[in-house]
Every structure is written in structure tokens, then in C-alpha cells.
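The values are calculated or read from the model by the stated rules, or taken from the named source; none is laboratory data. Bear in mind the structure is a predicted one, so any value in this text is a computation, not a measurement. Neighbour counts are summed over all protein chains in view; Cβ atoms, including those assigned to glycine, are modelled from backbone coordinates with ideal geometry.
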Amino acid sequence: MWVQGLLTLVIASLVAVVAVPTSAAQSPVAQRGGTLVVTLDADPPTLNPALSVVNQTFWTADQVYETLVSYDAAFKPIPRLATSWSVSPDGKTYRFGLARNVKWHDGVPFNSGDVQYTFGVFGPKYSPYYKTVLAALEAVDTPDANTVVFRFSKPNGILLSLLGEPAFAILPKHLFEAGDPRTNPANNRPVGTGPFKFKEWVRGDHLTLVRNDQYYQAGLPYLDQVIYRIIPNAASQEAALEQGEVSMVLATVLPNDARRLRNTPGIKVVSPSVLARIIGLWPNLRAEHLKQLRVRQALSLAADRQRMVDEIAFGEGTVARGPIASTSPYFDSSLPFIHRNVAAANKLLDEAGLKRGSDGIRFTVRLRHVASLDTFAKTAQILKENYADIGVRVDILAAEVTTTLTAIFINSDFDVAVYSAPMGPEPGLALTQYLSSQGLTKAFFSNAPGYQNLRVDQLIAESVATIDPTKRAAIYREIQRMIMVDLPVIPLWEPRFLTAYRTDFENVFTQPDDRYINFTRTWHRSR
Amino acid sequence: MSRYWGRRLLQAVPLSLGVVVLTFVLIHTAPGDPVATLAGEQSTAQYQTQLRHDLGLDRPLYVQLVRYVAAIFRGNLGYSFTFGQPVLALILARTPATLLLMGTALVISTILGVALGVETATHVRSPWWNLASVAAAIAYSLPAFWVGEILILIFAVQFRWLPIVGMTSLGGYSGLAHWLDLGRHLVLPTLTLVSFNLALFARLTRASMLEVLAQEYVVVARAKGLTPRNVIYKHALRSALLPVITIVGLNLGTMLAGFVLVETVFGWPGLGRLTFDAVGARDYPVISGLFLLTSEAVIAANLLTDLLYGIVDPRVRYE
């Protein structure tokens, strides 16, 4: 029996808004035409979002493929390929009504079979992401061509926060069914339902998408083309933007250039984010001294967070107060700021019985970080200086990505690590992976600190099963407070991923995070 | 002579095999696991195990090596999951861009370097030529990526004479306009590479010229009443070029390394950037493929150097 419950949304009004191309308030004089040129620092590895884990794929493929839902600026799900949805009170069944008259770019009609194939066949077998998110998905039913029903074995409270991820784009069954989808030519020449069609991809140089004139939302999109220009070097990207060679530098603006660009007429700098990353110090709780709470508290108190924000991010960031960044809708804003207090930190270490030796040193920790990440390296340097004040010597072990991650996650060969995990958009998933007992797998991107708190485990499990976002937020708040008591991660600062674009484009970045950036409604002011 | 070439070519076979085995072992024994970059931050342990299996990384190293070498003999360099393409296609697609940049830079820096070397050797007391020589030495000692950035700042950002990045303009041209556009994009990366190589070739030519100019046959040529120009370019330079040719040939490998930086700064879609990306991702098949092909190129360049020797110096005989 279907109940139109609390979160049961049939969003007629939103559908109306979506169906009308020029919503008067937003873009009174939207003009057709124009080319948006966006920078990418590297080629996408593939244009199949379900096979990829990197933004270069998401930023490009999400213009060609479409997800069931997308998000407004406040991270509320809004219709895309699904125009309506409802969820059963037990949170185990989701029913979606699909948009009609939708065609793939090759002319084949889109229907519920494509959704079933994507979530029921392709995803579970080939996607890195499905197993994390949809482990309890039992079946995807298709009562008719325009309806799909997801059935879970356990309540799923967070599905709608994730269905808008580009990784969950709906794939054309008729093109992927036969053969090994991982080597399917469509991975490099995508055929989607979206506002832009694939035109060409000159690897290392550019990737061109052109307007889909048969797009099912009449009048959209406005732009003739979206071209991605591959420019590996951030300084070169910014120079190209200033010169007008490109229209947008996506998420790679250097913090020390942000102020200059902000003051440049015709350029706007923004940084919306719900992925809620913080840069933190991850202690190995199996290591001799770090298993002591007082030591972790001392390390937290001795860190000069404001200096990191000022000197590393040039003010383009903020100090961290908890494991989830303040940009997340689930951030607990009641968490206190942690001010540097060397005396209190020293006192804690004294109480822990860690006396200073004749050289003034209490103990030494080995700090690991990925060498190529400049922000991590500078954070490590500041910590080294900070901890010298409390008699803790830091030996920095910097190496490239794979070596460092192997040491941290697989071999547990570290005392502390400067690391950053995405805690959004729905913290429950990342918390399961990085800070619950379920994450004690010694795999990459798992619970590297070795943290175990049964109450936290229980709360994390509850969070992902709770449908009501208000109740879920309350659970997340409790988890954040408990983590700040146990300190399995010492939050330091929140970086921002800065995007700059030329202001002769409108509706350029209306999404809550660059992960979801979409140019369906972007238009170019020619005069 | 054909016997000599046959022997040289035969020598190249075990050399190539050695390169394959050595690079394979080196890359695979370096710490770090490609799964770390392929699987993504939100993957499960189960997915990572599956991925390692699919990539064949859970097999013993010697099994992986034997399979790799066997595949190479079938002309298959493997498949790159990082780039979603067969390795050979990936490398071949990037090769023309690098060859174009390398060829242009090599030709210009060789001609200019040799000319500068000759002039500084024959005008030992001229302050201007010495200044030019010092300037070249300074350019040589500056890091290539920094020179690139400065050139971008001056010529592309400040004066807007030249494009900042890429190989062609967006939108595309055809015919002559396409080649002119390509030429404009070539200027700055070429200049960066030339600034590095110029001093090397100039100093080498200079030293070699000074040595040759002091030899008796040059004195004899002068005594015969030949014009200085004739003496320098026809008699002296020909022998002075031998070590320069050797260095150009030997330098090919080093040049390819320099391309990693220059192509990254200028967004040039060539092999240098591919190497950079592949090493970062621990893409074993791509790295091995690149090493194999570049070492073959170096071997080929050395063969070519030997051939040029014979042309420049008729005394060289192939036994």
C-alpha cells in the first residue's frame, strides 16, 4: 500500500518549473547560442560515469547522461529523468515516475528498462560505487515503461541524496547489453538523454559537446556548445580565463590567485560544496602513544588552525570544528571552535606521563602525507612546528599517492597522517567506510585509524536507515559530538574548491557542489 | 656495411627485451598499488579485490611478466583502464604532437646552437658573443617549467600575441589557417625547449671548434689562402660537429624527460603529459609501453647517429 508520507513527494509545482524553459525570475532574457569553454586539468579516464571515480568524468558526462534526480542550490532533490517519486513508510521501497517522450541521442526511446538495466545489471557488476551505496538493493521492478520500483532488503534513508550523483546516471541498455561494458566504445563516445550530445574528443586537447536539439525539455539548453579544454597547469588555466580564451576554471583556482580574480572585472569566483571535506590529522590508534586520548587531545589543542587557513589557503577556507565540513547541510554548528592552547596541551601530555627528555622531546611521531598535494605538505610543516612547542617531534614521510595510501590504509605503517576524506553529501556512507567497525577492512579508503565505538557504529547504521532528514540530521549531530570526544580524527581546516567564470554567462553554477555542475540552463549574454 | 647494420639491429633485440624486463620489474616493485587511484574513495574492499584480480595484479610477478612479454610479441601492449583505451592506440595518438614539438625544437636549437658555438669560437674576444653565450648558459640553468610560465606571462597574458595552451585553437581552422594556428601554438613551447638546449649545443660546438681550429690542417687551409668563411664552415665545422651529433643522439632520452614538464605547462597533448599522468596513476601497462617505445626510439636514434657519423666524417668505416 502506497502512502504519500512525510517525504512522499509528487512535485507537480517543481515539474512545472522544470518544464518551463525560462522561469521569469531566474533568467528573464535568456538568449540562445554561445559556447562555454571549461577547463579540465586532465582528460577524463572514460566518459562513462558509472565506471569512473573522478570529477573529470562527472563534469563532462553529466551533460550527456542524466540521473533520476538532481539538486537545487540547497541540496533538495529536484526532478530530472524521474518527474515524481514516493517512498514506502518502512523506507524499503521507492517508486519513481519517469519523464515521457525522452529519447537517447541515437533516436531510441528511453524507458524504465534502461533504469532497471543500470541499477539491476550494470551497476552491481561494474561500478565502484554501487556496492557501497546500494548493497541492500534487492530488485528493480518495471511495472510499466514509465515507472520503476526499487526494493531494498533494509530501510534506505539516503537514496535521494545519492541518486543525483553523476555516477548513478542512467545508461542506454541497448548499447551496453552485449559484450564487456568496460571496453564498450560508448564509454568514449557516450550516447545519453541529456541536453548536450557528444561531438568529439581530442585527448589531451579538448572535448566538444553540442546542443541536443531534440531535448525533451522544450527550449533547452540555451548554449550551442560546451567545450572542455584540457589544461593541466592551474596558473595556465587562470591566464586563459583572464585572457578570455576559456569561460570557466572549474574547481581548480589557486587560493592565492582567488582575490586577484575576484577583483578582476568580468570574473566571478564561487565555491559551493556539500562534499564537506576537511583536512584532518588521522592518528593510528594502534600506535603506542596515539592510543591515549590525552595525547590526541594535546595534538588537537597544539595545532594552529587559523595559521593554516591564513598561510595555506590565503583565507579561502575556514578552521574545522568537526569531522564534517561546515558547508554540509548536516554540519553541527554547535561544535566549539578549537583555539590553540600550548599550555593545556603540555599539561595533558604531562598527565599522560610523557615527560620531556634531556633534549626537550617527549616522543616522536611519523607523519605521512601525499607529497604531490601542496596543501597537505604545508599542513604537515605547520604541524611539525606546532608540535615542537609541546615536545613532540614529527618525522614527515612524504611520498606519492599510491605509496602513501598503501602505507596508511593497507599496511597501517604510520603514526599520524594528514588526510582528507569526503564526508558528503550524505555523511552516513563515508562514516561507515572511514570510522565504523564495518570499515576495519585494511582496504584502501577504509577505517585507517582503527577506530571502534559501538555506539557510533549503531548511530551510523541508524543514520543511513532514517528517511526523515531532520531526524537524520539529529543523529549526525550526535555522531559528530562523539567523534570530537574520541578524536579518531583531529579536524584541522576546511579547504575550498574555487571555481571562476566569466560573468557574460548566466546560470553557470547553480548546483550545491561542482560534483553536480550542469549547463542545461546556462546561457550567454551576447551583448 | 650491410653486415654491420644487420649486427647492430640484432643487438637491438636483446637490448629491447632487457629494457622491457627491467622496466617491468622496476615499476612493479616500486611501492604503491594502482588500485588506490583506480578504485576511488568510495569503493568497497570487495570491489578493490575484484579490481586487483581483473587487472591480474594478484598473480605472482613472474607470471605477470611472462604474460606481458608474450603479449608484446603479439603486438599487444595491453589495455589501460585509467584511460579506457588500448595502450598502443593511446601512445600512437599522442606521438605526432610530441614528434612535431621535438622536431621543431631540435632543428631550431641545433641550428642556432651550432651557429652560436661557431661564432663564439671564432670571435673569442667579442664581448657581444660572449654575452650571448652567458645568456644561453643562464637559460640552460633555469627550470623549464618556470621559463614556460614566464613566457606565457609575457607573450600570452601581457601582450596577447600568442595563445597560452594547447596545440590548436578551439573552433578549428582548415587549410593554411590551420597550419598558421598550429605554428602560433608551437612558438612558446618550442622557445622553452630551445632555451634549454641552445646553450648545451652552443658550448659543445664552441669547445669542439676551438680544438679543431688549432689543428694543423686548419692552419694549412688558412695558409692556402682560403677565405675564413670557407675554412670555418667547410673544413673546421665538419669535424667539430661529430661530438655534437653524438650528444644530440644521446640527448634524445633526456629530451623526452624534459617534455614531461613542458607539455604539462603548455597543455601540449603529447607523450610527456601521458607519462606524467600514467606514473601518477601507476598505470603499469601505459608506463611499460611508454618506456618500451621511448627506449626503442633512443636505440633508433643511436643507430641514426652512427649513420650520420659516416656521412660527416668519411674516415669512419663500418666494420
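Quick notes on this one:
- Test: residue in the range B:34-42 that is part of a helix (DSSP H, G or I), at pLDDT 85 or above and surrounded by fewer than 19 Cβ atoms within 10 Å (Cβ to Cβ): no
- Only a single criterion out of (1) in contact with an Asp or Glu (Cβ under 7 Å, 6 or more places away or on another chain); (2) within 13 Å of chain A (Cβ to nearest Cβ) is not satisfied by B:Y4, namely (2).
- Selection count where residues are outside any helix (DSSP H, G or I), surrounded by 12 or more Cβ atoms within 10 Å (Cβ to Cβ) and touching a helix residue (DSSP H, G or I) at 6+ places or on another chain (Cβ under 7 Å), scope the range B:140-178: 10
- Residues that are free of Cβ contacts under 8 Å to residues at least 40 places away in the same chain and β-branched (V, I, T) within the range B:177-212 comprise B:V187, B:V212, listed in sequence order.
- In the set A:P109, A:P79, A:P124, A:P89, only one residue is in the same structural domain as A:G164 (by TED's automatic domain parsing) and surrounded by 18 or more Cβ atoms within 10 Å (Cβ to Cβ); that residue is A:P79.
- Yes/no for A:L301 being under 23 Å from A:F363 (Cβ atoms) and touching a Pro at 6+ places or on another chain (Cβ under 9 Å): no
- Within the set A:E242, A:E238, A:E200, the sole residue that is surrounded by fewer than 18 Cβ atoms within 10 Å (Cβ to Cβ) and either closer than 26 Å to A:P45 by Cβ or within 10 Å of another protein chain (Cβ to nearest Cβ) (or both) turns out to be A:E200.
- A Cβ distance below 9 Å, combined with a sequence gap of six or more or placement on separate chains, defines the contacts here; from the range B:150-165, residues that are in contact (Cβ under 8 Å) with a residue 12 or more places away in the chain and more than 10 Å from chain A (Cβ to nearest Cβ) reach residues that are among the hydroxyl-bearing types (S, T, Y) and assigned to a helix (DSSP H, G or I) in the pairs B:L151/B:T192; B:L151/B:S195.
- Within this structure, B:F276 fails the test of being in contact with a helix residue (DSSP H, G or I) (Cβ under 9 Å, 6 or more places away or on another chain), within 14 Å of another protein chain (Cβ to nearest Cβ), in a helix (DSSP H, G or I) and under 21 Å from B:N302 (Cα atoms).
- Residues that are outside any loop (DSSP other than H, G, I, E, B) and over 21 Å from the mean Cα position of the chain (by Cα), drawn from the range A:61-100: A:A82, A:T83, A:S84, A:W85, A:S86, A:V87, A:T93, A:Y94, A:R95, A:F96, A:G97, A:L98
- Listed conditions (1) loosely packed, with under 14 Cβ neighbours inside 10 Å; (2) of a type outside the set (F, W, Y); (3) free of Cβ contacts under 8 Å to residues at least 24 places away in the same chain are all met by B:T29, apart from (3).
- Hey, B:A240 away from chain A (no Cβ under 14 Å), assigned to a helix (DSSP H, G or I) and surrounded by 21 or more Cβ atoms within 10 Å (Cβ to Cβ) or not: yes
- Criterion: touching a Phe, Trp or Tyr at 6+ places or on another chain (Cβ under 6 Å), over 24 Å from A:A239 (Cα atoms) and away from chain A (no Cβ under 13 Å) - qualifying residue of B:A199, B:A207: B:A199
- The range A:316-362, subset loosely packed, with under 14 Cβ neighbours inside 10 Å, under 39 Å from the mean Cα position of the chain (by Cα) and of a type in the set (S, T, N, Q), residue farthest from A:F497 (Cα to Cα): A:S334
- The selection criterion, being within 21 Å of B:S133 (Cα to Cα) and surrounded by fewer than 19 Cβ atoms within 10 Å (Cβ to Cβ), holds for B:Y233.
- Exactly one residue out of A:R502, A:R496, A:R477 is within 19 Å of the chain's Cα centre (by Cα) and of a type in the set (D, E, K, R), and it is A:R496.
- Residue match in the range B:279-295 (condition: within 12 Å of chain A (Cβ to nearest Cβ) and surrounded by fewer than 20 Cβ atoms within 10 Å (Cβ to Cβ)): yes
- Identification of helices (runs of 4 or more DSSP H) wholly contained in the range A:150-263 with 2 or more residues that are over 30 Å from A:E494 (Cα atoms) and modelled with pLDDT of 95 or more yields A:173-176.
- With respect to the conditions (1) more than 14 Å from every other protein chain (Cβ to nearest Cβ); (2) surrounded by fewer than 19 Cβ atoms within 10 Å (Cβ to Cβ), A:A136 falls short on a single one, namely (1).
- One residue from B:L65, B:L26, B:L51, B:L15 being modelled with pLDDT under 85, among the hydrophobic types (A, V, I, L, M, F, W, C) and part of a helix (DSSP H, G or I): B:L15
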